[in-house]
Structure formats: C-alpha cells, structure tokens
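Visitor: Sending over a structure as structure tokens; questions will come in a sec.
The values are calculated or read from the model by the stated rules, or taken from the named source; none is laboratory data. All values derive from a computational prediction rather than experimental measurement. We place every Cβ from the backbone using ideal geometry, glycine too, and count neighbours over all the protein chains shown. Just so you know, the surface numbers come from the protein's heavy atoms only, side chains and all, with ligands and any DNA or RNA stripped out. Shrake-Rupley method; radii C 1.70, N 1.55, O 1.52, S 1.80 Å.
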Amino acid sequence: MFLNAETARFRFLLSFGASDPNCPPHPIPVPLSSPLPPIIQTSFSRLEQLIDGSLNTTSVPGISASLVYMGSEIWSKGFGVKSKTGPSTPPDHHTIFRIGSVSKVFAALVMYQLYDRGLVKSLDDPLSDYCPRFSMLNPFNSRNITLRQIASQMSGLPREAPCVEPAAREVRDGVNICPLTTDEILASLSNESLIFPTWTVPSYSNLGFALLGQCLVEGVFPGMTYEDYVIKNILQPLQLTNTGFNITDNVKSKMAVGYEPDGSVAPLYDLGWESPAGQMFSTTADLNTLAAFFTSADGENGSSPVHPEVLSGDLRREIQLQVYVNRDQRTGFGTPWEIRFQANYTVLRKGGNIDGYSALFSYIPELKLELEVRSEKNQLLLDGSGGAAVLAYKEPLRFQISFPDNLQPCLAAELLAERRAFVVFQPPTTSSLCPGFTIPGSFPGRVYDFPLPTVPDTFGAERVEMEPNCPPHPFPVPLPDPLPPVIQTALSRLENQIKATINTDTVALVMYQLYDRGLVKSLDDPLSDYCPRFSMLNPFNSRNITLRQIASQMSGLPREAPCTGVVTEDGTINACPQTTDEILDRLQDVSLMFPTWTIPSYSNLGFSLLGHCLVGHFFPSMTYEEYVFQNMLEPLELTNTGFNMTESVVEKMAVGYWIPAVGGQGSEEAPLIDLGWIGPTGQMYSTTADLNKMVAFFTSANGEEGSDPVHPEVMSGDTRREMQLQVYVNRDQRTGFGTPWEIRFQANYTVLRKGGNVPGHSSIMSFVPELQLGLNMLWSGAYDEFGASNEAYDYLIPAFVEYLMTVQPPYPYPPDPEVYEGVYDFGPFEAQVRTSRNRLLLRSPFVTFGGSLILAYKEPLRFQMVYPDHLQMCLIAQLVSRRKAFVVFEPPVNSTSPSPGFSIPGAFPGWFFQRRP
C-alpha cells in the first residue's frame with residue numbers, strides 16, 4: 001500500500017505543471033576537434049560580423065574580443081585600430097584596455113577569498129565589523145548593512161561616494177579624482193542616508209564596492225593597500241601579468257587609446273579611494289585566464305579546480321549563484337554579476353565603463369562558454385515509477401542513478417533528487433542473478449526484490465510549449481466592495497479549477513528567526529557548530545556543509561534520513577522513532593551525493609537535521625515542536641496548525657485517501673503516520689485560514705518604503721525580505737529554488753511556493769510578494785499541487801495587475817511648482833525642470849539619459865527621483881540606480897524668488913546645478 005502511493009506520487013511529480021516544459025538538456029563540455037566543427041566555425045563567423053558591424057554604427061575605434069572554452073582560448077580577434085593617430089594596427093588579445101566596473105569582480109573575489117581563508121567569519125557580517133566608524137542614516141530600520149548585501153547590490157547604499165568637490169577637479173592623465181582616505185569618506189557618509197531598505201531591490205553602488213574593498217583589506221591587514229592585496233593574492237597567483245591599477249608609462253605603451261564621444265582622447269585619471277569600483281586595466285588574454293579560473297569549479301564530479309590557493313571550488317560555485325531575478329525574468333543580479341538567462345543557460349556578466357573605454361567579462365559555467373554534443377553509449381536502465389533511469393556502472397554491484405533531466409520538468413528533477421543516488425545490488429547466491437537491490441541514499445532500509453512490478457510508461461510525454469522594457473509592477477491597494485469585475489472573473493475561474501493536513505516547512509523559518517535574534521551568528525555557519533557530532537563522508541572536499549546550503553537544498557545531502565520505521569501495538573505507524581544521536585551515528589558511514597553549491601537536490605534529511613540541531617543546541621530541554629509552537633504558532637495566532645494529531649484535531653480533519661494503486665479501482669483511507677524524527681520536514685497540519693495568516697506575515701515586508709511589518713517579534717522585515725530571495729534558477733528559466741521555496745517565474749512576477757505531500761494529503765502555500773497576493777490550497781488525496789498553482793496564477797496575476805494599474809495613486813506634486821521650474825547648468829551639463837499633467841519633471845541628457853524622470857514631492861525643497869521602470873530595460877533600471885536618489889533644492893532668497901539651484905547628493909555628490917539667469 002505504501003509503495004503504491006509512492007509510485008503514484010512519483011508519476012505525479014514526473015508530469016506536474018503542464019505549463020512547464022521538460023528540462024532542457026545540458027551536454028557535458030568535451031574538447032573540440034581540430035579543425036573546429038563547422039557549426040562552431042559558423043558561430044565564430046557570425047560573432048565577427050556582429051562585432052565588425054558595431055564599429056560602423058558607433059564611434060568606437062577599436063575592439064578586442066576573445067573566447068575561452070574549457071580553460072583554453074579558442075578564438076580571438078582585434079577590430080578597428082589601437083589609435084586613430086598611430087599605425088592602423090588593430091588591437092589584439094594582449095592590448096591593454098581600462099575595464100571600469102569589471103574591477104568589481106576582483107573586489108568580490110577579495111571578499112570571498114578572505115571568507116575562504118577564515119579571515120572573514122561570515123558574508124553576513126556587518127560592514128562595521130571591518131570599518132568600525134562606518135555609519136549612515138537608515139530611515140528604514142536599525143540593522144547594519146552586510147558584506148553580502150553590498151556585493152549583490154542589495155544594500156540600499158547611494159550610487160556614488162562623497163569625493164572631492166568637482167570644482168577642485170582637474171581631470172587629466174594621472175589626476176586623482178577621489179584623493180580621500182577611508183576615514184574622510186566615513187566622516188562624510190555619517191550624514192548621508194540609505195536610499196532603499198536592504199534586500200528590497202538591487203541598486204547599483206560604486207560607493208558600496210569601494211567600501212567593500214577598502215574596509216576589508218584595511219580591517220584585516222592594517223597598513224596594506226587594497227591594490228597591494230589584489231596584486232599579491234589574486235593577480236600574481238593567476239599570472240594576470242597585464243592586469244593592474246597603476247597606469248605607468250610602460251602600461252600606456254601597450255594600451256589602446258580611449259576616446260570620448262566627441263572624438264577627443266580620454267584622460268587616464270585615477271579613481272583614488274574608489275579604485276575597487278573601477279580603476280583596473282586588463283587584456284582579453286588575462287580575462288580569459290580569469291574565466292578559466294571560475295569555470296574550473298562548475299562540474300558535479302568534484303574535480304580539483306585550478307588555483308585552489310586563490311579560492312576553493314566550493315566558494316567558486318557559491319560566487320556564481322543568483323541573488324535576484326528582475327521582473328522581466330530574463331536578467332538578474334549576483335555577486336557581482338549582471339546576469340542574463342539565455343538559451344536555457346545562465347550567463348554571468350560584468351560590464352564596465354570609464355571615460356574612453358567599455359568592457360565586458362562574461363562566461364557560462366556549465367558550458368565553459370561553448371557547446372559541443374558528443375557520443376552515445378550503451379546503457380543499463382532501471383525501469384519503474386512511470387519512467388526509466390540510466391544506471392551508470394561504478395564498480396561490481398554498485399551503480400549510480402542518472403535520470404535524464406530533459407525528460408521531465410526542471411523542478412521535478414530537483415525535487416525527486418534520486419537521480420544521483422547509488423543503487424547497490426545484493427551479491428548472487430545459488431542463482432546467477434542478483435536477488436535484489438537497495439537505494440540507501442533515497443530509500444534507506446528498503447530492499448527491492450525481483451521481479452519488479454510493472455507500471456504504465458508515461459515517462460517523457462510530449463509537452464507544448466534585444467530585451468523588452470521592464471514590465472510595470474503596480475503597488476497593491478485595498479480592493480473595493482464589491483470586488484472589481486476583473487477580480488470576480490478570476491476568482492470564478494479559480495473555483496471552477498478546484499473541484500486537510502499540510503506538509504508546510506517551518507524549518508527555514510526557525511533558522512531565520514534564530515539568526516534574526518542573534519542566536520545564530522551566520523547562515524554560513526557549518527551545521528557542526530550546532531551538532532558537534534555531525535559527520536558524513538565527503539568525497540569532494542574537506543569543507544563542512546552550512547545552514548544556508550541545507551535550507552536552499554544545495555548541501556548535497558541524500559534525500560532521506562537513515563530511519564527504521566515501526567508499527568506499534570495499536571497499529572500506529574512511526575516512520576522514524578530514532579533520536580538525533582542515533583541518526584548522527586548512522587550518518588557517519590553515509591556519503592554526500594553532490595559537492596555543495598552545485599545543483600539543488602531535495603533532502604528531507606537536511607531539513608530534519610536543521611530543525612533538530614538548531615533547537616537542540618540553543619534550547620536543550622525543548623523539542624523542535626515546542627519551539628515552533630511557542631515562537632511561531634502562538635504569536636501568529638495559528639490556532640489550527642500543529643504537529644500532534646489528537647482526537648480533537650482528527651475530528652476537524654478532512655479524511656485523506658490514497659490514490660488508486662496501479663490497475664486498481666476506487667480509493668482507500670490513508671493512515672495518519674507519525675513521522676517521528678523527520679517531523680520537521682512534513683509532520684504538520686494546518687488550514688487555509690491559518691496559511692493565509694502566514695502569507696500576510698511574509699508579504700508585509702515586501703515594500704520599498706520601510707513600513708513596519710506585522711509581528712516584528714517573530715521576525716524583522718529585513719530578514720523576511722532576505723528569506724524571499726532566489727538562490728538558484730533552473731535551466732528552464734521558469735523555476736528555481738530559495739530557502740525553502742520552490743519558485744516559479746510567472747507573468748513577470750516571482751511566485752514563492754512550498755508544496756507538500758504526505759500519505760492521503762497534498763498542499764501548497766504560495767504568494768507573490770510584490771502583489772501581496774497569496775494562494776493556499778489543500779487536498780485530501782495525492783494531487784499535482786504545482787500544476788494547480790501554475791494554472792491559477794496564470795489568470796490571477798493578470799487580473800490583479802489589470803485592476804491595480806487603473807487605481808494607482810498619483811505622484812506627489814508640490815504646492816509651489818514655480819519655485820522649482822527652470823533651466824539649470826552644471827559645467828557642460830544642462831537640466832530642465834518643468835510641469836506636465838500635475839507632475840514635476842526633470843530632464844537632463846546626462847542625469848536622465850535624455851529622457852525625463854518624475855520628481856516626487858517629499859517635503860519643501862526635497863524631492864525623490866522616480867523613473868518608471870517600464871520605460872527602460874530592467875537591468876538598466878537597476879544599474880542606473882538614480883531613480884530613487886533625492887534632489888535637494890536650495891532655499892529661495894525671498895518669498896517671491898525661485899530656487900537658485902539643486903544638488904543630487906546620493907547620485908552625484910558635490911555637483912550643484914545653478915539656475916540659468
């Protein structure tokens with residue numbers, strides 16, 4: 001009976017979510033043949049045409065480009081000329097260019113390297129741990145910004161540092177345009193304000209990366225400069241011989257000449273204190289070496305990376321993770337990447353611009369940059385549960401499951417997590433055949449005897465299946481009574497679609513709450529800090545798995561715990577009556593299935609360890625269930641949610657049913673199984689009313705204006721926003737994972753979901769943070785919860801967006817617009833302030849890139865820039881990051897005169913636009 005239910009559930013997972021395509025195949029990189037295959041040669045020809053054509057449509061005189069694949073340069077070419085006035089020689093892969101913000105890759109590498117070496121305890125450390133004098137005004141909350149927030153552009157810092165007054169600048173070769181010390185910068189920052197709450201949206205900050213580089217090096221190695229640290233610990237070990245900071249005469253002799261848009265030679269000034277954000281120069285040959293360094297750690301088989309002394313493979317995989325997916329669902333941010341999801345791959349990119357030069361550093365970890373499909377081999381198949389898996393031979397009687405991802409949706413591939421488990425056959429006895437086999441990592445304790453039952457083969461059924469401007473996201477507003485027609489229609493469709501207990505995962509909430517309260521110092525702490533006896537075989541490296549890795553399903557742990565279930569005298573089933581110590585004893589001989597930070601691999605074992613170890617460490621006399629009840633269920637008033645299914649609870653429950661066994665008729669009532677030690681992963685029951693309260697708890701922290709969340713005693717809004725971040729985007733680029741979410745990117749929104757299944761019941765809790773919209777569904781039987789969610793949001797999201805777009809509040813307008821209207825100048829830059837349709841607009845070719853942005857009135861003389869995201873690409877909206885900066889006007893001389901000028905301190909510190917007479 002139990003096996004029949006699992007078989008049916010397995011078939012559901014293989015076929016769930018009709019709107020999701022099968023997971024695209026990702027071939028393993030192999031060396032290219034010589035000569036190159038025709039399809040690769042054709043792609044190079046098209047690339048050359050693309051770059052050559054750009055010379056004819058821009059004012060750029062010279063370009064150097066190259067490709068690296070599997071650690072080796074396979075193509076490079078120069079276009080145009082190195083100098084307009086010298087010999088007509090094109091640049092090559094050894095020609096030096098300034099790389100601008102590509103320098104931030106090295107600043108992020110410094111942070112990860114210090115963390116890798118144990119000199120930085122955690123990426124969640126506040127910056128003030130390394131810069132004790134760092135302090136800024138925070139109108140949103142009292143929390144300190146962290147290293148991770150800065151490196152992922154989610155800190156809310158202003159874009160630029162408060163460097164010297166522009167009037168004092170003489171921009172020419174060698175001039176330092178920010179000749180200040182860290183102490184001087186910190187003193188200036190103490191009177192400036194964050195422009196966003198942390199973990200809200202990316203907001204590009206050169207100031208942030210300058211602080212990150214300078215503070216970490218000065219804090220860990222007093223007396224050493226940031227530049228010296230990078231040269232000694234990164235450039236020299238990687239042999240980046242033509243990469244650096246100081247533009248000497250020798251460097252100039254190898255450089256391509258940079259030109260301004262007007263054709264004049266660009267000055268080679270020095271960024272001074274802001275050096276980590278954009279000072280460096282390099283060549284495409286050196287950047288190829290850097291790409292090879294990063295891509296050497298992208299595989300699943302734990303092969304040794306190149307230059308482990310610079311950064312371990314484990315941390316190299318972590319630095320490649322996504323942090324935020326933009327609403328266009330094609331682009332996003334990492335640390336420090338500007339990411340594009342393209343052709344079913346994740347392209348990690350870092351662009352850079354500095355006067356006279358532009359640069360792009362990019363790579364595809366899984367492809368090692370290029371694609372070649374090779375060879376087919378004979379295969380031993382394991383057929384069952386509605387599909388077939390390949391058994392890859394490892395040694396006599398021992399095989400590894402390889403389940404082709406392209407024959408199922410990506411999310412199913414990650415949730416099943418059996419595809420890399422080992423199958424161990426029992427030795428033959430008197431017969432020549434093996435009597436059976438086990439799958440210890442996925443189904444511990446279960447022996448499969450021959451012959452296996454047959455089931456219908458539904459495996460692999462056919463499925464149907466430049467950037468646009470950023471889609472508008474209206475602000476949520478209360479709905480009127482009666483509901484708008486478009487909302488009523490959507491709800492009617494939902495009712496027609498849906499013709500309980502719940503497996504809801506509070507473990508991640510426990511982890512984040514203990515972190516929020518300062519009991520857990522860092523989510524990067526190893527689990528062994530809280531379970532000192534925890535130890536498993538790790539064939540990949542010597543690093544310990546961390547809390548964050550477990551909560552995001554990126555730890556590489558096996559799917560199931562090594563339990564031994566029992567049936568009591570009264571017929572009650574306890575699936576795992578073992579204690580934590582007994583489980584830890586059994587795990588010492590069990591191996592991790594993947595290197596950490598490789599791919600998600602769903603693990604009930606991981607979440608059970610997380611819950612029991614954290615609570616047991618901080619509260620030795622308290623059970624996990626008691627902690628959750630006292631610290632979450634009671635404060636949130638979840639009165640019909642819990643663990644212990646007493647008689648009074650059972651009386652209120654919907655009866656759960658098995659789905660029919662294969663070939664059987666009807667259905668039968670499912671038993672209420674006690675999960676025992678693995679209770680944190682699925683023991684709970686609840687109601688949709690209680691789950692609605694949970695959704696309200698999470699969505700109350702999704703705004704940008706720092707409004708107080710509901711129930712701050714349970715968790716701060718800052719940590720709640722962090723808990724809602726993405727960690728991994730699947731190759732279908734429609735689904736992904738968070739902590740602990742199974743995410744779907746749908747209708748230009750991110751839907752956070754947690755599905756659950758226990759015998760007889762299915763459930764899903766889901767919500768859209770930016771819309772403050774949630775959908776919770778419970779079923780008394782096995783059901784495709786993800787497919788139901790997909791279909792429902794397909795019409796719920798458009799309906800709510802359509803209505804909300806018609807009722808958006810107007811932008812605040814000043815009572816005295818004439819005080820601000822006029823034409824202003826700063827040096828060669830002009831700015832116009834004018835009124836249009838009760839909106840005050842600012843237009844400047846440099847500040848607003850030729851368009852107009854709205855000045856939203858905050859208080860007399862103080863406005864906030866608002867640049868509607870849907871009028872530009874999402875990634876540009878985040879990179880520009882001037883849209884929320886404050887514009888501060890000078891007071892008029894008297895009551896009848898206009899303002900004499902304005903400044904934009906967060907975006908252009910020291911600039912003053914003077915009113916034109």
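Visitor: Restrict the check to the range 193-205 and report whether at least one residue is at pLDDT 95 or above and touching an Asp or Glu at 6+ places or on another chain (Cβ under 7 Å).
Guide: no
Visitor: Which numbered condition trips up Thr504, out of (1) at pLDDT 85 or above; (2) open to solvent by less than 60 Å² (accessible area, probe 1.4 Å); (3) of a type outside the set (Gly, Ala, Ser)?
Guide: Status for Thr504: all satisfied but (1).
Visitor: Which of the residues belonging to the range 802-827 are β-branched (Val, Ile, Thr) and open to solvent by 30 Å² or more (accessible area, probe 1.4 Å)?
Guide: Thr806, Val807, Val823
Visitor: Could you say whether any residue in the range 775-784 is open to solvent by 10 Å² or more (accessible area, probe 1.4 Å), in contact with a Phe, Trp or Tyr (Cβ under 8 Å, 6 or more places away or on another chain), at pLDDT 90 or above and farther than 17 Å from Gly682 by Cα?
Guide: The answer is yes, given that some residue of the range 775-784 is open to solvent by 10 Å² or more (accessible area, probe 1.4 Å), in contact with a Phe, Trp or Tyr (Cβ under 8 Å, 6 or more places away or on another chain), at pLDDT 90 or above and farther than 17 Å from Gly682 by Cα.
Visitor: Of the residues in the range 504-533, how many are in a helix (DSSP H, G or I) and either among the hydroxyl-bearing types (Ser, Thr, Tyr) or in contact with a strand residue (DSSP E or B) (Cβ under 6 Å, 6 or more places away or on another chain) (or both)?
Guide: Number of matching residues: 3.
Visitor: Which one is nearest to Thr739 (Cα to Cα) among residues in the range 682-694 that are assigned to a helix (DSSP H, G or I) and open to solvent by less than 10 Å² (accessible area, probe 1.4 Å)?
Guide: Leu691
Visitor: Got at least one residue in the range 180-197 being of a type in the set (A, V, I, L, M, F, W, C) and over 30 Å from Glu722 (Cα atoms)?
Guide: Among the residues of the range 180-197, at least one is of a type in the set (A, V, I, L, M, F, W, C) and over 30 Å from Glu722 (Cα atoms), which makes the answer yes.
Visitor: Could you check how many residues of the range 30-42 are more than 17 Å from Ser72 (Cβ to Cβ) and open to solvent by less than 50 Å² (accessible area, probe 1.4 Å)?
Guide: 0
Visitor: To continue, here is another question. What is the residue count in the range 737-760 for residues that are more than 18 Å from Phe607 (Cβ to Cβ) and in a strand (DSSP E or B)?
Guide: Residues flagged as more than 18 Å from Phe607 (Cβ to Cβ) and in a strand (DSSP E or B) within the range 737-760 amount to 6.
Visitor: Next question, about the same structure. Which numbered condition in (1) over 30 Å from Glu668 (Cα atoms); (2) assigned to a strand (DSSP E or B) is the only one that Ala799 fails?
Guide: Looking at each condition in turn, Ala799 falls short on (2).
Visitor: How many residues does the range 113-125 hold that are under 20 Å from Thr198 (Cβ atoms) and outside any loop (DSSP other than H, G, I, E, B)?
Guide: Residues flagged as under 20 Å from Thr198 (Cβ atoms) and outside any loop (DSSP other than H, G, I, E, B) within the range 113-125 amount to 1.
Visitor: Continuing with the same structure: From the set of residues in the range 514-543 that are polar (S, T, N, Q) and closer than 28 Å to Gln630 by Cα, which is surrounded by the fewest Cβ atoms within 10 Å (Cβ to Cβ)?
Guide: Ser528
Visitor: Can you confirm whether the range 835-847 contains a residue that is touching a helix residue (DSSP H, G or I) at 6+ places or on another chain (Cβ under 9 Å), open to solvent by 10 Å² or more (accessible area, probe 1.4 Å), at negative phi and assigned to a strand (DSSP E or B)?
Guide: Scanning the range 835-847 turns up at least one residue that is touching a helix residue (DSSP H, G or I) at 6+ places or on another chain (Cβ under 9 Å), open to solvent by 10 Å² or more (accessible area, probe 1.4 Å), at negative phi and assigned to a strand (DSSP E or B).
Visitor: Can I ask one more? Output the residue which, of all residues in the range 898-909 that are assigned to a strand (DSSP E or B) and under 18 Å from Gly208 (Cα atoms), is modelled with the highest pLDDT.
Guide: So, considering only residues that are assigned to a strand (DSSP E or B) and under 18 Å from Gly208 (Cα atoms), the one modelled with the highest pLDDT is Ile904.
Visitor: Oh, and also: Among the residues of the range 219-242, are any open to solvent by less than 50 Å² (accessible area, probe 1.4 Å) and in a loop (DSSP other than H, G, I, E, B)?
Guide: yes
Visitor: Hey, does the range 544-562 have a residue that's open to solvent by 50 Å² or more (accessible area, probe 1.4 Å) and of a type outside the set (Asp, Glu)?
Guide: Yes, that holds for at least one residue.
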